Amino acid sequence: MLNKRYAPITAAVVILLVIAAVGYTRTKAKTDMPVRILFKNNGGNVIFSHLVHHRNYQIACAKCHHEMTSEQDKALACGSCHPVSFDEQYVENHKSSFPEKKYCIQCHHIEYEHLIFDHDEHIEFADDNCQACHHGEDIEPEPGQCSECHEDMESDEIPSLAMAAHKRCQSCHEDMFDQGLTSCTTCHQAVDMTQYSGDFSSCGQCHDVKTKDLVLERMNAFHEQCMDCHEREGKGPYGENSCFKCHIR
Ligand code: HEC
Ligand code: HEC
Ligand code: HEC
Ligand code: HEC
Ligand code: HEC
Ligand code: HEC
Ligand code: HEC
Ligand code: HEC
Ligand code: HEC
Ligand code: HEC
């Protein structure tokens, strides 16, 4: 027999247990996130208090998982996009590292489709001199598409399509190339990437810099994300002398 005196307490405990259980399964189903993470690495292992960072320090998932553009998105391992290095092995394997194609376009962020170019008008601008852009008969027996011979990548004998075409256009449009990457859309129509279903170009088609100068490699990605936030907040380890506040010797 239950003593009447304890009934309200028992009831309260039962209610709290139910709330806790519901809350637990709810968050579990929605987030499925690790409590803490052990990183084994050459600097000394790091133990990261994942759950505490989210719950106690009140940091939203997307602050760290910046690939998450909505609550429903999966949180991916940082290394799927910030590998130890962007080498051949990465290129070979990375196409199957993502659950959906929408993650691809965080890096493959732009493709060009149509050329904005009025050919007839340009024949006038060039005073009917086809060779302002085309080759002479020795190379091009008849003027045609530059892409018939010039390919994505340059070879020993022949420059890439972009390099070849740009060189000709530049002879009259130096100004259009002066502003670097911001001016490309005067001649190129960019595709809506959320609808895009074609293949992806390599970064080097448009960027002169190495990929690691565009997207951080693994160690720098971690160091920058962890320490930039700590420095901004003035809390948690950052700076030259903080190494062993994260790395266990
Ligand atoms: C303070 C930064 C931070 C916050 C906030 C955070 N995470 Fe993470 N999370 C990480 C890091 C760092 C990893 C380790 C990723 C790795 O191993 O490359 C990780 C790993 C994960 C993983 C495992 C991914 C895998 O495939 O290895 C999941 C799932 C995850 N987080 C979900 C979440 C969810 C959901 C939230 C919000 C409720 C959240 N995280 C909040 C930083 C954070
Ligand atoms: C789906 C791919 C993807 C995933 C997953 C990803 N990143 Fe990134 N990250 C990028 C790209 C692309 C950039 C560079 C472009 C930009 O700044 O948005 C970047 C930029 C960064 C930067 C530079 C500063 C900034 O915030 O723009 C840091 C730091 C960083 N990532 C850390 C991380 C960490 C740590 C994780 C895991 C918790 C992570 N990233 C997961 C793709 C990803
Ligand atoms: C200002 C540079 C320029 C001049 C001048 C020029 N062309 Fe072109 N031409 C191009 C480019 C660039 C292409 C490829 C267009 C494309 O990919 O849409 C092209 C393509 C062509 C094509 C292939 C069209 C097709 O749809 O297959 C022919 C044929 C052609 N040109 C003939 C000529 C002739 C003939 C002249 C001279 C009367 C001339 N062009 C002058 C730049 C030029
Ligand atoms: C029939 C094949 C063919 C077509 C079509 C062609 N090219 Fe070329 N192009 C070549 C070859 C081969 C070379 C390398 C030989 C050389 O350097 O003279 C070359 C080299 C070039 C070069 C570097 C050398 C130079 O002449 O300054 C430029 C620039 C160039 N092409 C622009 C164009 C443009 C622009 C078009 C289209 C309007 C075009 N090419 C169409 C075959 C072609
Ligand atoms: C012989 C000189 C000459 C060459 C070579 C030339 N253009 Fe032009 N282009 C002109 C002139 C002149 C105009 C009209 C005036 C202006 O807008 O600058 C023009 C206008 C344009 C415009 C419209 C500009 C705007 O602001 O709306 C585009 C796009 C263009 N050209 C693309 C090209 C492309 C692509 C090439 C190389 C295949 C090329 N041009 C090569 C002379 C040239
Ligand atoms: C004056 C006009 C003009 C400007 C400005 C211009 N391009 Fe181009 N680009 C062309 C032409 C013409 C071609 C050859 C297209 C063809 O014949 O199909 C081309 C080709 C390319 C290609 C090869 C496309 C393919 O299908 O393989 C790339 C990549 C490219 N351009 C990138 C750029 C970038 C990045 C910028 C900005 C820095 C830029 N272009 C600015 C005219 C221009
Ligand atoms: C973290 C950035 C990143 C993400 C996310 C990413 N890629 Fe890549 N991808 C690269 C890099 C870097 C290369 C190496 C070649 C280069 O320098 O562009 C590459 C190369 C490629 C190439 C070869 C391009 C060529 O012709 O050289 C294809 C195809 C490709 N990726 C498809 C995908 C697909 C499909 C996805 C999504 C499932 C994806 N990528 C996600 C960065 C990324
Ligand atoms: C078709 C041309 C093109 C290709 C291919 C391309 N980019 Fe870009 N990228 C641009 C242009 C144009 C900008 C500047 C304007 C903008 O942000 O759209 C840019 C800007 C960026 C930026 C912003 C920082 C900066 O330096 O301006 C990053 C990061 C970046 N690209 C990464 C990549 C990576 C990684 C790849 C390959 C996976 C890639 N891009 C492939 C054209 C391209
Ligand atoms: C968006 C902000 C943010 C990011 C990103 C972040 N932290 Fe923190 N971290 C904090 C805050 C805030 C504290 C301090 C809480 C306090 O002192 O009250 C903290 C404290 C810490 C501490 C000391 C206390 C504890 O919980 O262990 C360590 C160690 C730590 N962080 C490691 C990391 C690592 C490793 C990463 C990257 C994987 C990381 N943090 C990313 C905000 C962040
Ligand atoms: C806020 C926590 C934090 C601080 C402070 C920190 N690191 Fe790290 N460090 C990490 C994390 C997280 C990783 C990534 C572990 C992984 O790759 O799995 C890492 C990785 C490394 C690596 C491994 C590289 C590899 O390829 O294995 C080295 C080396 C390193 N850090 C050195 C340092 C040095 C030196 C300092 C002090 C200047 C420092 N770290 C400060 C968190 C930290």
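The values are calculated or read from the model by the stated rules, or taken from the named source; none is laboratory data. Keep in mind the model is a prediction, meaning the values are calculated, not measured. All Cβ positions, even for glycine, are placed from backbone atoms using ideal geometry, and neighbour counts span all protein chains on display. SASA here: full protein model, heavy atoms, side chains in, ligands and nucleic acids out. Shrake-Rupley method; radii C 1.70, N 1.55, O 1.52, S 1.80 Å.
Return the pair list, or none, for Cβ contacts closer than 7 Å from residues in region 217-246 that are of a type outside the set (Ser, Thr, Tyr) to residues that are away from ligand 2 (no atom under 13 Å from the Cβ) and part of a helix (DSSP H, G or I), at least 6 apart or on different chains.
Between residues of region 217-246 that are of a type outside the set (Ser, Thr, Tyr) and residues that are away from ligand 2 (no atom under 13 Å from the Cβ) and part of a helix (DSSP H, G or I), the close pairs are PRO237/LYS245; PRO237/CYS246.
Hey, among GLU233, GLU224, which residue is at pLDDT 95 or above, over 18 Å from CYS78 (Cβ atoms) and open to solvent by 50 Å² or more (accessible area, probe 1.4 Å)?
GLU233
Residues in region 202-249 that are of a type in the set (Val, Ile, Thr) and at positive phi: how many?
0
In region 90-103, which residues are open to solvent by less than 50 Å² (accessible area, probe 1.4 Å) and either at pLDDT below 95 or among the aromatic types (Phe, Trp, Tyr) (or both)? Even if it seems obvious, please write down each step before you answer.
First, the residues of region 90-103 that are open to solvent by less than 50 Å² (accessible area, probe 1.4 Å): 90, 94, 98, 103.
If the condition is that a residue be open to solvent by less than 50 Å² (accessible area, probe 1.4 Å) and either at pLDDT below 95 or among the aromatic types (Phe, Trp, Tyr) (or both), then TYR90, PHE98, TYR103 are the ones that fit.
For region 202-210, state whether one or more residues are farther than 20 Å from GLU111 by Cα, open to solvent by less than 100 Å² (accessible area, probe 1.4 Å) and assigned to a helix (DSSP H, G or I). Break it down into steps so the answer makes sense when it comes.
Quick first cut of region 202-210, residues farther than 20 Å from GLU111 by Cα only: none.
Scanning region 202-210 turns up no residue that is farther than 20 Å from GLU111 by Cα, open to solvent by less than 100 Å² (accessible area, probe 1.4 Å) and assigned to a helix (DSSP H, G or I).
If you check LYS40, LYS74, which single one turns out to be among the charged types (D, E, K, R) and either within 12 Å of ligand 9 (Cβ to nearest atom) or within 23 Å of PHE244 (Cα to Cα) (or both)?
Values: LYS74 fails: either within 12 Å of ligand 9 (Cβ to nearest atom) or within 23 Å of PHE244 (Cα to Cα) (or both).
Just one listed residue meets the conditions, LYS40.
I'd like the residue in region 164-198 that is closer than 17 Å to GLU113 by Cβ and part of a helix (DSSP H, G or I) and, out of all such residues, is farthest from the chain's Cα centre (by Cα). I'd like the intermediate steps shown before the answer.
Initially, region 164-198 is screened for residues closer than 17 Å to GLU113 by Cβ, giving 165, 184-198.
Remaining after also requiring part of a helix (DSSP H, G or I): 165, 184-186.
Numbers: ALA165: 29, CYS184: 20, THR185: 21, THR186: 25 Å.
Per the criteria, the residue is ALA165.
Can you pull out the strands (runs of 3 or more DSSP E) entirely within region 31-123 that have at least 3 residues that are within 16 Å of ligand 10 (Cβ to nearest atom) and closer than 21 Å to ASN220 by Cβ? I'd like the intermediate steps shown before the answer.
Working: elements: 37-39, 45-48, 112-115.
Where strands (runs of 3 or more DSSP E) fall fully within region 31-123 and carry at least 3 residues being within 16 Å of ligand 10 (Cβ to nearest atom) and closer than 21 Å to ASN220 by Cβ, they are 37-39, 45-48.
Any residue in region 134-151 that is away from ligand 1 (no atom under 16 Å from the Cβ), in a loop (DSSP other than H, G, I, E, B), in contact (Cβ under 8 Å) with a residue 24 or more places away in the chain and surrounded by 14 or more Cβ atoms within 10 Å (Cβ to Cβ)? I'd like the intermediate steps shown before the answer.
Start the filter on region 134-151 by keeping residues that are away from ligand 1 (no atom under 16 Å from the Cβ), which leaves 134-151.
Remaining after also requiring in a loop (DSSP other than H, G, I, E, B): 134-145, 149-151.
Pick out the ones that are also in contact (Cβ under 8 Å) with a residue 24 or more places away in the chain and you get none.
The answer is no, given that none of the residues of region 134-151 is away from ligand 1 (no atom under 16 Å from the Cβ), in a loop (DSSP other than H, G, I, E, B), in contact (Cβ under 8 Å) with a residue 24 or more places away in the chain and surrounded by 14 or more Cβ atoms within 10 Å (Cβ to Cβ).
Could you please find all residues in region 32-81 being under 14 Å from PHE98 (Cβ atoms) and in contact (Cβ under 8 Å) with a residue 40 or more places away in the chain?
ALA75, CYS78, GLY79, CYS81
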